[in-house]
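Report on the structure given below.
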2 protein chains.
Amino acid sequence: MTEERSKRHGLVIVNTGQGKGKTTAALGLMTRAWGRGWNMCVLQFIKASTGNYGENRAAKKMGIELTPLGDGFTWLSKDIEKDKALARECWELCKEKIASDEYDLVIMDELTYPLVYGWLPIAEVIETLKNRPAGLHVVITGRDAPQELIDFADLVTEMREIKHPFRTEGLRAQPGIEF
Amino acid sequence: MTEERSKRHGLVIVNTGQGKGKTTAALGLMTRAWGRGWNMCVLQFIKASTGNYGENRAAKKMGIELTPLGDGFTWLSKDIEKDKALARECWELCKEKIASDEYDLVIMDELTYPLVYGWLPIAEVIETLKNRPAGLHVVITGRDAPQELIDFADLVTEMREIKHPFRTEGLRAQPGIEF
C-alpha cells in the first residue's frame, strides 16, 4: 500500500461555500476510498465528541477512524481562549496523523472555521500540507476557505445554496440527511 | 420503520452544477443514512453496469443495493433510439423502486442527463416524485437540472468548480477520489 501511495499524486481537495454538501461530499469520498480498501481518518473540528450522528454510526460499522474533536456548540462559546486552545489541540492531532504516513486519505472536516477565526495560522496549515507524505490525499471542508488555501489546493469546489427547505418550508434538520 | 417513515417529511434533494461532488455528496448521504439503518437504493443512470468503482465496492461491502443502469460511454452513442430505450427502461425501474414503499432513500444518480437530452419527460418525473410514498427522501444528481425539477425540489445545491486539477495541473481522474 505504501508503495502504491508513494507513486500517487496526492490531492488537496477543498469543499467550501455556503451551501449543503461540503461534509457530505467528504463522506462520499470516504466511502469510495473505503471501497478500495484505503487507510483513512476523518477528523471533525466542530462536531461534538458526544455526537452519535449518521456518519459516526456508519464509520463505526465500517471500521473507519472518525474522531469528533470539537465540543459542539460550546466551541463557539464566550471563552475565546478555551476555544483557541481546543483548536490548537485538534490541529496538533491533525499534524500527527498527516505526518504518520499511515493514511491514504485524511479528512479535516470544518477546518476552515478556526482558520477564519484566526485561531490557527494559515501559513502553518499550508506548510503541513506541503510537507505531507507523497501520495496522501487531504480533504478540507468548511465555509469561507481562505484564499491562501484555495491557491494551494488542487481541487476546490464551492457548494452554492440554490434552495433550502429550512428557509423555503421552515423544515428542521433531519436525521439521516443532515447528520 | 414504515411507521417512522410515514411521519417524516421526505425531501427531494438535487445536486447539480458543473463542479465535482454531486454524486460524491449523494454517496455521503447514502453512508449517513446507512449509519442509521435506513433502507435505500442507488440507481445510476450513466455508470456502466460493468463498473467496479470505489462506490460499487463500498456498496457491496455495506450491503446497499447500488445498480449501475447505464451502458457507460456507449450511452452517448450515435444510436439515439437505443439510448432513449435504455433511458426509458432505467426510469421504469426507478418508478418501481419509488412506488414500492420499501425504501427510506432512493438516489437517482445522473438522472438529469436523460432529462436534458429530452429522452424522459420532466412532467412524468415530477408526477412520480409528487406521488411518492410519504417520508421517502429522493436524491437526484447531474448537471443542468431542469428548472421544473429545481422548482419542485426541496433542497437544491449547485456544485461550482473553483479549481480543478485536470485543468490546472493536467492530472487524470484517480481511483478512490473520482470513482
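The values are calculated or read from the model by the stated rules, or taken from the named source; none is laboratory data. All of these numbers come straight from a predicted model, not from anything done at the bench. Note that we place each Cβ from the backbone using ideal geometry, even for glycine, and neighbour counts take in every protein chain shown.
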Q | Selected residue (criterion: farthest from A:L105 (Cα to Cα)) from residues of the stretch A:31-41 that are of a type in the set (A, V, I, L, M, F, W, C) and facing another protein chain (nearest Cβ under 7 Å) | A | A:W34
Q.
Could you tell me how many of the residues in the stretch B:141-153 are within 13 Å of another protein chain (Cβ to nearest Cβ) and under 11 Å from the mean Cα position of the chain (by Cα)?
A. 1
Q) Residues of the stretch A:1-16 being surrounded by fewer than 24 Cβ atoms within 10 Å (Cβ to Cβ) and within 9 Å of chain B (Cβ to nearest Cβ), which ones? A) A:R8, A:H9, A:L11, A:T16
Q.
Tell me yes or no: at least one residue of the stretch A:152-161 is closer than 16 Å to A:G21 by Cβ and out of contact with any strand residue (DSSP E or B) (no Cβ under 9 Å at 6 or more places or on another chain).
A. no
Q.
Can you tell me which of (1) surrounded by fewer than 16 Cβ atoms within 10 Å (Cβ to Cβ); (2) under 17 Å from the mean Cα position of the chain (by Cα) is the one B:P175 doesn't meet?
A. (2)
Q. Is at least one residue of the stretch B:121-132 without any contact (Cβ under 8 Å) to a residue 60 or more places away in the chain and buried (at least 21 other Cβ atoms within 10 Å of the Cβ)?
A. yes
Q: Check the stretch A:75-92 and report whether any residue there is closer than 17 Å to A:V139 by Cβ and within 7 Å of chain B (Cβ to nearest Cβ).
A: no
Q.
Can you tell me which of (1) hydroxyl-bearing (S, T, Y); (2) more than 13 Å from chain A (Cβ to nearest Cβ); (3) within 26 Å of B:A123 (Cα to Cα) is the one B:T23 doesn't meet?
A. (2)
Q. Which one is surrounded by the fewest Cβ atoms within 10 Å (Cβ to Cβ), of the residues in the stretch B:26-54 that are assigned to a helix (DSSP H, G or I) and touching a Leu at 6+ places or on another chain (Cβ under 8 Å)?
A. B:A33
Q. What pairs can you find where one residue is in the stretch B:81-102 and among the aromatic types (F, W, Y), the other is assigned to a loop (DSSP other than H, G, I, E, B) and at pLDDT below 95, and their Cβ atoms are less than 7 Å apart, with a gap of 6+ or different chains?
A. B:W91/B:L120
